Amino acid sequence: MPLACPVPDLPVTGAGRSAAPLFIFRRLTPALLHRAILPVKDVSTIELQPTLTGEHLSLRPLREDDFEALYTAASDPLIWEQHPQPTRWQREVFQTFFTLAMASGGAFTVVDPATGAILGSSRYYDWNPASREIAIGYTFLTRHYWGGPANREMKRLMLEHIFQWAEKVWFHIGTENRRSRKATEKLGGIYSHTADFPALGTPHAFYYIPVISLTS
């Protein structure tokens, strides 16, 4: 049976398996190692807005009535200090962000399950069924959750889910956003190139986490 498992682009050896298959799994925590080896599903069945639940946070589909609470979470200017759009803390700018998120069909509200508080958002976008590639981005969390397990768990949940269909996941990060670049590299993101990101028209570093097909 074909299996999908996130690993870097490494030589394949012995029984069709990578010489170092645990590289990204170690970075994404042991839970991914045990749960993310999944059959690749038909692209027509992709689910871009599931509910995903972890120990420290949960993700559910973004709703219109999330706006006020999500804007409250986003209204801290320091969240956007290194972002290519540093004014996103302003209400009118955030309104555009929120409207596009709702229209995307792939956006999430991130919730603290212990308190019910809304602490941020993330999104799947640019799904290409022909190449089985997709992007994860438009992510932010309130600063209270920085430096802890929240971002890693959120990305782990999203990667585990989407690797049922995708073979490569892209991350587009503003070149000056050192904090997000470092976090993506810790996840196992592989730098590809720098180019303008069409949605903002500013230089972004393009990272990816790939999947290779294994035969059991």
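Read-outs throughout are calculated quantities, based only on the coordinates presented, and are distinct from any laboratory measurement. In this text, all values refer to a predicted model and were calculated from it rather than measured experimentally. Every residue, glycine among them, receives a Cβ derived from its backbone with ideal geometry; neighbour counts consider all protein chains shown.
Projecting the Cα positions of 147, 173, 158 onto the charge dipole of region 130-184 (unit charges on Cβ atoms of Lys, Arg, Asp and Glu, taken about the Cα centre) puts 147 furthest along the positive direction. In a fully extended conformation the segment linking residue 130 and residue 182 would gain 15.7 nm over its present Cα-Cα distance, using 0.36 nm per residue.
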